[in-house]
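Undergrad: Structure below; questions to follow.
The values are calculated or read from the model by the stated rules, or taken from the named source; none is laboratory data. Since we're looking at a predicted model, the values are computed, not measured. Because the Cβ atoms are built from the backbone with ideal geometry, glycine has one as well, and the counts that use them run over all protein chains shown. Protein only, heavy atoms only, side chains kept; ligands, DNA and RNA dropped before computing areas. Shrake-Rupley method; radii C 1.70, N 1.55, O 1.52, S 1.80 Å.
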Amino acid sequence: MKTNIMILTLGGINKMIVEVNGNNYDIVIVGRKARVNGREMEISLDEDHITLEGKTFHLDYIEEGTISFLIINGISYTVSRSLTDVIESKEIRAPIGGRVVEVMTEEGQEIKKSDLLIILEAMKMENLIRASSAGRIRQILVQKGQSVKTGDVLLVLE
Amino acid sequence: MSKLLIANRGEIATRIARSCRKLGISPCGIYSEADKNSLHVKYCDEVVSIGGLTPVESYLCMGKVIDAIKKLGCDLVHPGYGFLAESAEFSETCEKNGITFVGPSSKTLGLSGDKVRAREVASKFAPVVEGKEISMYDEAVSLTEKIGFPLIIKAVKGGGGRGLRIVNTYQELKNAFASSKNEASISFGSDRVYIEKYIQNPRHIEVQIIGDKSDVIHLGERECSVQRRHQKLIEETPSPALTPEIRDKLTKIAVAIAKEMAYTSAGTVEFLYKDGGFYFMELNSRIQVEHPITEMVTGIDIVEQQIHVSTSKGLTIKQTDVMPKGHAIECRINAEHPVTFVPHVGTIKEFDPPKEDGVRIDTAMFSGYSIPSFYDSLISKLICFGNNRREAIEKMMRSLSSFRISGIPTTIPFHLSALRDKRFLDGNYDTSFVDQLKYFSSKEGEIAAALFSVIPKKFHFLPKNKLDLWNSSRFDWSNEDQHNDPYFGWNK
């Protein structure tokens, strides 16, 4: 079973900065896509391996800490996560492709954390897209019944 | 049917069992409390529990091993390596009890186990590093005045790096001398030490010998310079450092030393090699961890020959039958951090060895096995044969890349980096190799590492059913758990 990295798109999108074996990477993950140093790539995660543009990387071992240590495909990596992750966007994107069942909010509405915003049907399941923080809806880009792809912008917050 | 007790555990126990079956001998085993789920228990025809967790309570406990031999009615015992393998007392006890010890006689073990006496014998045939046994500190000072720094203090009855001290100044000498004696006394029951000139960054080359009552032959050399903490990590044969002339000289000397000691069974004569000169270091009177590379290039089963020697059949091969061809490399895969080499205890999740012609895996591991904390960290030996050195290296790289061991850290990343190092590829390396190693990584792998490290930890190593986040028909995206997850950084 492929597990989408689906929890990544609530609220704003953060840009994460990590240092791997001395090299810096800035990463934005949206649904099944990752943008690494400005380059978009398809990713999928299945338990302990990740597929990047068709190439599979097995996570053999991970030791997490301020500096994490990983063994991937028999090669070792040291990763340190920068504390200066920055919010890049206030867009809420589709974590998975599917059909919009219901839009539960309207433009200009004030929302609280955890308010239900959109119900998205994907893989025969209804997925509740909730607000991760309080704010105001600036724009709604989808309507009921519309099909969306992974990473499509659903809403924009002020 | 003859029965042989394997007084050991792990990969060497399973490896000895294989040779026993080949010879129609029934392999029997012992296991400690910590090893009841170990593979060697299943490999043997009959096993006896000897209880205990630590080596002292189990595999090192002579009384328990002798009892097991009697209980199982074994006529032979093979000690493997480590534990009782080089114990003259154990060999003697076996002799007294009418049990055939597969290894040298107690007399030979007494001689080879005393490094000072072994040095004396060897000095008749080979250069030895300047030095001698020292009992008083004053003698140490006068020896130092003569030979100079750096020097090394070693335990006479020692092994495995214990009691070993490298000294560079007079200030260090006094403490090092006292602490070495103390450690030797605790570890080996003898505080005898000797001091010799320390050869910095030599190559470590050893010759495999095997003898019976009438002859001693050699099976070529092994290059063992890739070490950490004085323990080997990669071995290869033949050594890229030796010319045919030096090889001929070295192997002849090794045979002469073994003959002088009336050596029977398999053993290894170890040499230090630097700037074209070599020095005798010691004689290891046991089957070595790295013996498979010699078997790969010679086609000779060393354990089988050990058994032939012990059962008075004698060697079934002559020196002229030993015609090594090709090249073999062994990588020791340990449950250790690949950079710091700190041992790691844990459960192996996946264990999927590579399969290819000319690839040999000596292991007692399997998926789901929990590595006990009481024994060594070796989990698998990966041995590759090639028609030439380059082919062997390439096969080893392929095999390391496809050897999947997950759940614990292993030394595989170290090996992959070592095999890509120019010094290794050129065959131009010595014992300083590991300290100067630059670790290899790939750009794509770095991206994968970055992604893995920003994805919440709960996704890693979960059983498949728990990972199925789509299980519920309505998955709530704003689940509180996720918000509390420190790795849920994009959502704060």
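Undergrad: Got at least one residue in the range B:378-392 being part of a loop (DSSP other than H, G, I, E, B) and open to solvent by 10 Å² or more (accessible area, probe 1.4 Å)? Give the steps one after another, and end with the answer.
TA: Pass one, the range B:378-392, residues part of a loop (DSSP other than H, G, I, E, B): B:387-388.
Subsequent filtering for residues that are open to solvent by 10 Å² or more (accessible area, probe 1.4 Å) retains B:387-388.
Among the residues of the range B:378-392, at least one is part of a loop (DSSP other than H, G, I, E, B) and open to solvent by 10 Å² or more (accessible area, probe 1.4 Å), which makes the answer yes.
Undergrad: Which one is modelled with the lowest pLDDT, of the residues in the range A:118-136 that are assigned to a loop (DSSP other than H, G, I, E, B) and crowded, with 16+ Cβ neighbours inside 10 Å? Explain how you work it out, then say what you get.
TA: Within the range A:118-136, the first condition is being assigned to a loop (DSSP other than H, G, I, E, B), and the residues that meet it are A:123-124, A:131-134.
Restricting the remaining residues to those that are crowded, with 16+ Cβ neighbours inside 10 Å gives A:131-133.
Numbers: A:Ala131: 79, A:Ser132: 71, A:Ser133: 74.
Per the stated criteria, the residue is A:Ser132.
Undergrad: Would you confirm whether or not the range B:77-97 contains a residue that is part of a strand (DSSP E or B), crowded, with 18+ Cβ neighbours inside 10 Å and in contact (Cβ under 8 Å) with a residue 24 or more places away in the chain?
TA: Taking the range B:77-97 as the starting set, the residues that turn out to be part of a strand (DSSP E or B) are B:77-78.
If we keep only those that are crowded, with 18+ Cβ neighbours inside 10 Å too, we end up with B:77-78.
Subset that is in contact (Cβ under 8 Å) with a residue 24 or more places away in the chain: B:77-78.
Checking the range B:77-97: at least one residue is part of a strand (DSSP E or B), crowded, with 18+ Cβ neighbours inside 10 Å and in contact (Cβ under 8 Å) with a residue 24 or more places away in the chain.
Undergrad: Looking at (1) within 8 Å of chain B (Cβ to nearest Cβ); (2) part of a strand (DSSP E or B), which one does A:Gln139 not meet, given that it meets all the others?
TA: Result: A:Gln139 passes all but (1).
Undergrad: Quick one: would you say B:Ile30 is of a type in the set (A, V, I, L, M), buried (at least 22 other Cβ atoms within 10 Å of the Cβ) and part of a helix (DSSP H, G or I)?
TA: Answer is no for this residue.
Undergrad: Restricting attention to the range B:202-216, which residues are of a type outside the set (D, E, K, R) and open to solvent by less than 70 Å² (accessible area, probe 1.4 Å)?
TA: B:Pro202, B:His204, B:Ile205, B:Val207, B:Gln208, B:Ile209, B:Ile210, B:Gly211, B:Val216
Undergrad: Inside the range B:427-452, can you point out the residues that are within 14 Å of chain A (Cβ to nearest Cβ), open to solvent by less than 10 Å² (accessible area, probe 1.4 Å) and hydrophobic (A, V, I, L, M, F, W, C)?
TA: B:Ala448, B:Ala449, B:Ala450, B:Leu451, B:Phe452
Undergrad: Within the bounds of the range B:345-357, is there any residue that is among the basic types (Lys, Arg) and more than 14 Å from chain A (Cβ to nearest Cβ)?
TA: So in the range B:345-357, the residues among the basic types (Lys, Arg) come out as B:349, B:355.
Next, from what is left, pick out any that are more than 14 Å from chain A (Cβ to nearest Cβ): B:355.
Yes: the range B:345-357 contains one or more residues that are among the basic types (Lys, Arg) and more than 14 Å from chain A (Cβ to nearest Cβ).
Undergrad: Can you tell me which residues in the range A:59-76 are buried (at least 16 other Cβ atoms within 10 Å of the Cβ), in contact (Cβ under 8 Å) with a residue 12 or more places away in the chain and part of a strand (DSSP E or B)?
TA: A:Leu59, A:Asp60, A:Ser68, A:Ile71, A:Ile72
Undergrad: Scanning for something among the polar types (S, T, N, Q) and either under 29 Å from B:Val255 (Cβ atoms) or open to solvent by 30 Å² or more (accessible area, probe 1.4 Å) (or both), does the range B:116-126 turn up at least one residue?
TA: Yes: one or more hits.
Undergrad: Then there is this: Is there a residue being open to solvent by 20 Å² or more (accessible area, probe 1.4 Å), in a strand (DSSP E or B) and among the aromatic types (Phe, Trp, Tyr) anywhere in the range B:279-294?
TA: Yes; the residues of the range B:279-294 include at least one that is open to solvent by 20 Å² or more (accessible area, probe 1.4 Å), in a strand (DSSP E or B) and among the aromatic types (Phe, Trp, Tyr).
Undergrad: In addition: Please indicate, with yes or no, whether at least one residue in the range A:31-54 is surrounded by fewer than 17 Cβ atoms within 10 Å (Cβ to Cβ), part of a strand (DSSP E or B) and at the interface with chain B (Cβ under 7 Å from one of its Cβ atoms).
TA: no
Undergrad: Further, regarding this structure: What pairs can you find where one residue is in the range B:172-188 and open to solvent by 40 Å² or more (accessible area, probe 1.4 Å), the other is at pLDDT 90 or above and part of a helix (DSSP H, G or I), and their Cβ atoms are less than 9 Å apart, with a gap of 6+ or different chains?
TA: Within 9 Å, the pairs are B:Lys174/B:Tyr137; B:Lys174/B:Ala140; B:Lys174/B:Val141; B:Ala178/B:Tyr137.
Undergrad: Collect the residues in the range A:142-158 that are part of a strand (DSSP E or B) and under 12 Å from A:Gly98 (Cβ atoms), keeping them in residue-number order.
TA: Pass one, the range A:142-158, residues part of a strand (DSSP E or B): A:147-148, A:153-157.
Result: A:Ser147, A:Val148, A:Leu154.
Undergrad: Before we move on, is B:Tyr43 closer than 25 Å to B:Ile348 by Cβ, open to solvent by 30 Å² or more (accessible area, probe 1.4 Å) and in contact with a Ser or Thr (Cβ under 8 Å, 6 or more places away or on another chain)? Reasoning before the result, please.
TA: Working: closer than 25 Å to B:Ile348 by Cβ: yes; open to solvent by 30 Å² or more (accessible area, probe 1.4 Å): yes; in contact with a Ser or Thr (Cβ under 8 Å, 6 or more places away or on another chain): yes.
Criteria met by B:Tyr43.
Undergrad: Right, another one. Please pick out the residue among A:Ile75, A:Ile43 that is in the same structural domain as A:Gly22 (by TED's automatic domain parsing), among the hydrophobic types (A, V, I, L, M, F, W, C) and at pLDDT 85 or above. Please lay out each step first, then the result.
TA: Numbers: A:Ile43 fails: at pLDDT 85 or above.
Just one listed residue meets the conditions, A:Ile75.
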